[in-house]
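**Q** Dumping the structure here so I can ask a few things about it.
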């Protein structure tokens with residue numbers, strides 16, 4: 001992921017877990033409590049937590065976040081959910097595909113001058129990079145953070161706290177970089193938990209591959 005210099009106003013947490021898992025695991029609640037604590041020594045990084053039981057709940061909240069973007073607010077979107085290569089699960093039996101999510105994130109990211117970061121606390125959250133359509137003019141985010149594998153609950157909770165402690169450390173003179181935050185998390189965890197991907201980079205590489213295949217003398221055999 002390329003470098004990004006931006007200071008965020010808050011973290012928008014979208015919790016799509018079934019109520020039973022939400023109550024048992026407390027992923028969003030622990031993150032909210034941490035962000036609310038005095039450890040960050042700032043009022044401007046207060047979390048905005050939204051529980052979503054249906055796909056429409058998520059859509060409505062994304063539309064609300066778009067209005068905040070219009071007002072000049074900068075934020076990270078943190079999604080807590082079950083997930084797979086096709087998208088995320090919502091509540092008990094709902095789902096939201098990456099392709100269906102794309103236009104909502106594109107509009108938010110456009111209003112944030114391509115500075116939106118999406119952090120996925122879900123299994124195979126890195127598959128969200130498929131929202132980045134190589135043929136589209138717009139991009140749904142600057143960068144995506146997530147796991148390429150199944151994500152253990154305890155790892156998600158610990159990694160979240162380490163990530164935001166690094167990213168939002170306002171005591172530093174320089175704005176911390178997302179890539180540095182990811183590296184710091186993995187080092188402290190002793191294993192690779194988080195990875196980051198740039199939407200623009202993914203689109204460019206995908207387009208290059210497609211163009212190369214189209215120019216191949218064997219394209220009709222593919």
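**Q** Kindly indicate whether any position in the stretch 65-75 is in contact with a helix residue (DSSP H, G or I) (Cβ under 6 Å, 6 or more places away or on another chain), assigned to a loop (DSSP other than H, G, I, E, B) and buried (at least 16 other Cβ atoms within 10 Å of the Cβ).
**A** Within the stretch 65-75, not a single residue is in contact with a helix residue (DSSP H, G or I) (Cβ under 6 Å, 6 or more places away or on another chain), assigned to a loop (DSSP other than H, G, I, E, B) and buried (at least 16 other Cβ atoms within 10 Å of the Cβ).
**Q** Of these, 106, 53, 43, which one is modelled with pLDDT of 95 or more and assigned to a loop (DSSP other than H, G, I, E, B)?
**A** Being modelled with pLDDT of 95 or more and assigned to a loop (DSSP other than H, G, I, E, B) holds for just one of 106, 53, 43, which is 53.
The values are calculated or read from the model by the stated rules, or taken from the named source; none is laboratory data. Here the structure is a predicted model, which is why all the values come from computation and not from measurement. When we count neighbours, we look across all protein chains shown, and the Cβ atoms used for this are built from the backbone with ideal geometry, even at glycine.
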